[in-house]
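*Asks:* Sharing a structure here in structure tokens format.
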Amino acid sequence: MRPDDLDAIRRASEPKLARLRSDVAACGSALVAFSAGVDSTFVLAVAREVLGPGAVALTAHSPSVSLAERAEARALAARLGARHLEVDSHEQDDPRYLANGADRCYFCKSELYRLCEQAAREAGLAAILDGFNADDRRDHRPGHQAALERRIRSPLAEAGLGKDEVRAWSAAYGLPTWDKPQMACLASRIPYGTPVTPERLAQVERAEAGLRALGLREFRVRHHGEIGRVEVGEGELEAAFACRAALVEAVKAAGFRLAVLDLEPFRSGRLNALAGIALPVVDG
């Protein structure tokens with residue numbers, strides 16, 4: 001987005017930001033489920049702004065979270081001056097998660113929010129906040145059902161802030177995540193119905209680390225057995241072709257026998273579309 005676009009988005013969404021700040025301040029204290037993504041980083045920044053030391057971040061670690069994302073979460077929490085709790089997540093012990101159905105995220109988020117509830121009780125924090133935004137209502141998000149069941153607050157969605165607005169305000173707050181590509185856990189690279197295993201997750205992580213080292217920013221390595229299918233953002237297709245030999249080498253070095261570059265650009269939710277999952281209808 002251009003600077004003029006960011007300014008226009010901010011001017012139009014000032015009342016939403018005001019509500020976000022007011023809602024978070026009214027919590028008194030809060031634990032933020034923090035992944036270092038665009039949304040949860042902004043929620044943590046606002047929580048730190050209005051709650052001070054009453055805002056605490058929690059990041060859950062499991063084989064589905066890359067080492068790079070864990071390191072970024074630590075760095076961002078430190079940058080924001082937030083107390084940062086790091087805990088081990090055990091969704092890998094749940095056979096329903098490992099089965100990798102279309103509801104996989106529900107079981108992962110249920111485990112995350114269980115850990116958040118435990119940490120919030122121990123720290124005496126009044127609320128738990130996540131990074132679900134208003135645009136997410138239009139996507140297949142089974143993990144949000146887990147949040148609703150446990151009464152986790154979604155202050156961005158409650159204030160009506162969508163992704164572009166979160167990015168625009170993140171830029172105003174000086175957050176380096178304002179233009180960060182959308183991220184998802186490593187398990188999202190494995191097609192529904194193919195069991196999630198530590199070995200498959202590690203393969204994907206190694207392959208994506210190799211692509212990141214080539215300078216690519218927006219991409220996914222989809223796990224199709226012996227084939228690693230690479231999707232890159234539309235703006236990076238040319239760059240991917242330019243380094244295709246190194247790209248193939250990186251994917252094969254991760255343990256795939258074949259490396260395939262998808263000519264259709266990456267877009268979030270593509271596997272859901274391929275699986276024929278209907279998206280929710282949202283008014284307004």
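The values are calculated or read from the model by the stated rules, or taken from the named source; none is laboratory data. Because the structure is a prediction, the values reported are computed rather than measured. Cβ sites come from the backbone with ideal geometry, for glycine too, and all protein chains shown count toward neighbours.
*Asks:* Going through segment 151-167 one residue at a time, which ones are basic (Lys, Arg), more than 9 Å from Asn133 (Cα to Cα) and touching a residue at least 40 places away in the same chain (Cβ under 8 Å)? First the steps, then the outcome.
*Replies:* Within segment 151-167, the first condition is being basic (Lys, Arg), and the residues that meet it are 151, 153, 163, 167.
Checking the rest, the ones that are also more than 9 Å from Asn133 (Cα to Cα) come to 151, 153, 167.
Those that are basic (Lys, Arg), more than 9 Å from Asn133 (Cα to Cα) and touching a residue at least 40 places away in the same chain (Cβ under 8 Å): Arg153, Arg167.
*Asks:* Out of curiosity, is Ser64 surrounded by fewer than 20 Cβ atoms within 10 Å (Cβ to Cβ) and either in the same structural domain as Arg153 (by TED's automatic domain parsing) or among the basic types (Lys, Arg) (or both)?
*Replies:* On the way: surrounded by fewer than 20 Cβ atoms within 10 Å (Cβ to Cβ): no; either in the same structural domain as Arg153 (by TED's automatic domain parsing) or among the basic types (Lys, Arg) (or both): yes.
For Ser64, the condition - surrounded by fewer than 20 Cβ atoms within 10 Å (Cβ to Cβ) and either in the same structural domain as Arg153 (by TED's automatic domain parsing) or among the basic types (Lys, Arg) (or both) - is not met.
*Asks:* Here's another thing I want to ask about it. Could you please find all residues in segment 112-135 being of a type outside the set (A, V, I, L, M) and surrounded by fewer than 20 Cβ atoms within 10 Å (Cβ to Cβ)? Give the steps one after another, and end with the answer.
*Replies:* Here is the first cut: in segment 112-135, the residues of a type outside the set (A, V, I, L, M) are 113-114, 116-118, 121-122, 124, 130-133, 135.
Within segment 112-135, Arg114, Glu117, Gln118, Arg121, Glu122, Gly124, Asp135 qualify.
*Asks:* Are there helices (runs of 4 or more DSSP H) fully within segment 105-212 with at least 3 residues that are more than 30 Å from Ile227 (Cα to Cα) and among the aromatic types (Phe, Trp, Tyr)? List them.
*Replies:* Working: elements: 142-149, 155-159, 163-172.
Qualifying helices (runs of 4 or more DSSP H): none found.
Yes/no per residue for (1) modelled with pLDDT of 95 or more; (2) surrounded by fewer than 15 Cβ atoms within 10 Å (Cβ to Cβ); (3) under 23 Å from His61 (Cα atoms); (4) under 17 Å from the mean Cα position of the chain (by Cα):
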residue	(1), (2), (3), (4)
Arg153	yes, no, yes, yes
Ala157	yes, no, no, yes
Leu161	yes, no, no, yes
Glu165	yes, no, no, yes
Lys180	yes, no, yes, yes
Gly193	yes, yes, no, no
Gly210	yes, no, yes, no
Arg220	yes, no, yes, yes
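*Asks:* Next question. Check Glu91, Glu49 and return the single one that is touching a Cys at 6+ places or on another chain (Cβ under 9 Å) and not basic (Lys, Arg). Lay out the reasoning, then the answer.
*Replies:* Numbers: Glu49 fails: touching a Cys at 6+ places or on another chain (Cβ under 9 Å).
Glu91 is the lone residue from the list that is touching a Cys at 6+ places or on another chain (Cβ under 9 Å) and not basic (Lys, Arg).
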